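The values are calculated or read from the model by the stated rules, or taken from the named source; none is laboratory data. Keep in mind that what you see is a predicted model, and the values were worked out from it rather than measured. Note that each Cβ is placed from the backbone with ideal geometry, even for glycine, and that neighbours are counted across all protein chains shown. Ligands, DNA and RNA are excluded from the accessible area calculation, which covers all protein heavy atoms including side chains. Shrake-Rupley method; radii C 1.70, N 1.55, O 1.52, S 1.80 Å.
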Amino acid sequence: MTDSLAAGIVADDDVTTPTPASSAQDLTPALTWRDGEILRDGRSHRILAGAIHYFRVHPDQWEDRLRRLAAMGANTVDTYVAWNFHERVEGDIRFDEWRDLERFIRLAGTVGLDVFIRPSPYICAEWSNGGIPFWLSGRVDAIRTSDPEFLAAVDNWFDALIPRLVPLQAAYGGPIVAVQVENEYGSFGSDAAYLAHQRDGLRARGIVEMLTTADGITGDMIEHGSVPGAMGTFTFGTGVARAQELRREGDALMCSELWGGWFDHWGERHHVRSVDSALGTVDELLRAGGSVSLYMAHGGTNFGLWNGSNHDKVLQPTVTSYDSDAPIGEDGTLSPKFFALRERFAALRDDELPPVPAAPRRQRAASAVLTATASLLDIVRATPVIGAVSPRPRTYEQLGAEDGLVSYEADISYSEGAILTIDRLHDRATVFLGDERLGTLERDGEVSLALPGASSRAHLTIVVESLGRINYGPYTGEGKGIMHGVMIGRRFVNGWTHRHISLDAPAVTGTPATDGSAVAHFEVSDVADAWLAFPGGAKGMVWLNGFLLGRYWKIGPQETLYAPAPLWREGRNEIVVLDTDALGAVVEIREEPAFGETEEFIGT
């Protein structure tokens, strides 16, 4: 994955946040729970939260989105901390610019919001690898367990992260009032010692605020996801009555992820949840005296290639948009769901809500010609080879490739009628023989193709694309690339070279082709948000002024990519596309987003 997600961002000056002098034993947490209630200063308190992920929102727009959340009536913002967003290279832990978590937390406090922070090593969140760094899952089989190597890496991460959070706790005058120990662990594992290690690690490093866990509404999940000393909370789309039945003695009723919408996978429909459906569950929970965090209040965007994938018999890659039919849309647009929630939350507040912010500004419709600049093979051949020739294809993890495209090349010989097969392809491959494109192979689809003509010797090139690292379930942490080997008939092909195609915008000049790279330009006088569309394009990645926005794919449902105002500039703006299949002829700026054909969906 490219650092274009932090284009123009430089490392901080190694400034550390000082640890407060007060002893944790002398401090009082803002929130506690007792006899089925959350208490604040000895009085009953209800958390009215919504989720916004700082890593899915351009940092120049953090304050805007937080103010919209406050105007919705929320008293708390809920955010995960994505470990792999901060430590992409082992040992290089970053908290600068887009990764300036402390700034996001302080902004939340400035606009009057408490913060419910969820710094688990694993976050799910439809985020690449569930937030776990690829370099760690690539070498540790038993992630999210007491495996010593996994715990050592988590401890190093927490040694860097938690001291930054400690002074931002409410006990020190900051906005953090609750901290999650682990995330939906009861649907993954049963290592009680691991949960205890996480809980104790937070406390030992100075976390004094209320601890929580979060799990689905089955007895098994609650049993294996709970840990003493942390209040259990629930995640569901519907299920208030079942949550009341499963609530542990003394715990307050809280849904820390009430799914008021849902995310999308490529090749499916755009998921929506009606106002009546979502508010019906919210109302039921509030009538029962519960606390709530709406997931998502503002979904944002899986910029770059940070989208995850689910796996339910087949791989289900998540689209670039994380709009999630949230009350605050991907570009900040306020939906009827927003105003319905504002009414509900206002009735539970003693203070007056902030005014509703103005609608976001958008660029006017326009189009620009997309000019092809180089073929996919040109781009591959201009990329340096990684390491020495290896007998078998190496995985992304072995190559140190976080995501994107990897080229596998070997010289082969074959007889007439030979069949080439990729064994355990993760995820999608474009196959070339010499300069001829033979076809596309896909995990969970066709993984074999016929080699052309009579007996021959030729140079084989296989360009593999990772579609998103699995973020939920037993396959979380699974590797990418060619996992086992390539065969012609029954025999393995040996002698492979590898290239990792840089995920900076391609700058290669070669032979224009129907696939590969292309460029377009827009002259902009009034900088604002925009929605980009690529009619005729088949499957591509898109850069705006060097920043990797994400992917488009003709199978839908997503049709437009969100291009936030901070990425544009007055004057000439450059759009670069890398399409592995078929380039379109134009790029369009549209005035409205298009997320595809919809279907009503309630998460389970």
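At q = 0.14, 0.16, 0.21, 0.24 Å⁻¹ the log10 of I(q)/I(0) for the stretch 224-304 amounts to -0.55, -0.68, -0.97, -1.14, computed by Debye summation with a single uniform scatterer per C-alpha, solvent ignored. Using Cβ point charges alone (K and R +1, D and E -1), the dipole size of the stretch 426-469 about the Cα centre works out to roughly 120 debye.
Taking the Cβ of Ala388 as the centre, find all other residues whose Cβ is under 14 Å away and add up their charges (Lys, Arg: +1; Asp, Glu: -1). Net of charged neighbours comes to +2. This model, with +1 at the C-beta of Lys and Arg and -1 at the C-beta of Asp and Glu, gives the stretch 338-466 a dipole about its Cα centre of some 400 debye.
Net charge dipole, the stretch 321-363: roughly 120 debye, given to the nearest 20, about the Cα centre with Cβ charges of +1 for Lys and Arg and -1 for Asp and Glu. Compared with the alpha-carbon gap, the fully stretched path from Ala359 to Asp444 is longer by 26.3 nm at 0.36 nm per residue. Extent of the stretch 57-207 along its three principal axes (Cα atoms, max minus min coordinate, largest first): 44, 28, 27 Å. Residues in the chain average 37 Å² of solvent-accessible surface per residue, probe 1.4 Å, ligands and nucleic acids excluded. Bridges between two residues of the stretch 40-194, per DSSP, are antiparallel at a rate of about 15%. At the listed q of 0.11, 0.19, 0.23 Å⁻¹, the Debye profile of the stretch 488-561, built from one uniform point per Cα, gives log10 I(q)/I(0) equal to -0.44, -0.98, -1.22. Across the stretch 268-324, the relative contact order, built from alpha-carbon pairs under 8 Å that are at least six residues apart, equals 30 percent. Taking a straight Cα-Cα cut-off under 22 Å and skipping sequence neighbours fewer than 8 places away in the same chain, the lysines within cross-link reach of Lys313 are Lys480. When the solvent-accessible area of the chain is split by element, carbon and sulfur atoms take up 48 percent of it, the probe being 1.4 Å. What shape does the chain take by its C-alpha gyration tensor, where a ≥ b ≥ c are the square roots of the eigenvalues and a/c under 1.5 counts as rounded, a/b above b/c as prolate, and the rest as oblate? Verdict is prolate for the chain.
Extension gain for Asp159-Val369 works out to 70.6 nm (0.36 nm per residue, less the C-alpha to C-alpha distance).
Taking the alpha carbon gyration tensor of the stretch 32-132, multiplying each eigenvalue by 5 and rooting it gives semi-axes of 26, 17, 11 Å, largest first. Arg443 contributes about 40 Å² of solvent-accessible surface, heavy atoms of the protein only, 1.4 Å probe. Note on Ser277 and Glu574: the extension gain reaches 102.7 nm, defined as 0.36 nm multiplied by sequence separation minus the Cα-Cα distance. What share of the DSSP beta bridges in the chain is antiparallel, in percent to the nearest 5? The answer is about 70 percent antiparallel.
Between Val586 and His521, the simple spin-label model (points 7 angstrom out along Cα→Cβ) gives 1.9 nm.
Dividing the helix sum by the residues of the chain, where each DSSP H run of 4 or more adds -39500 (n - 2.57), gives a mean residue ellipticity at 222 nm of -5000 deg cm²/dmol.
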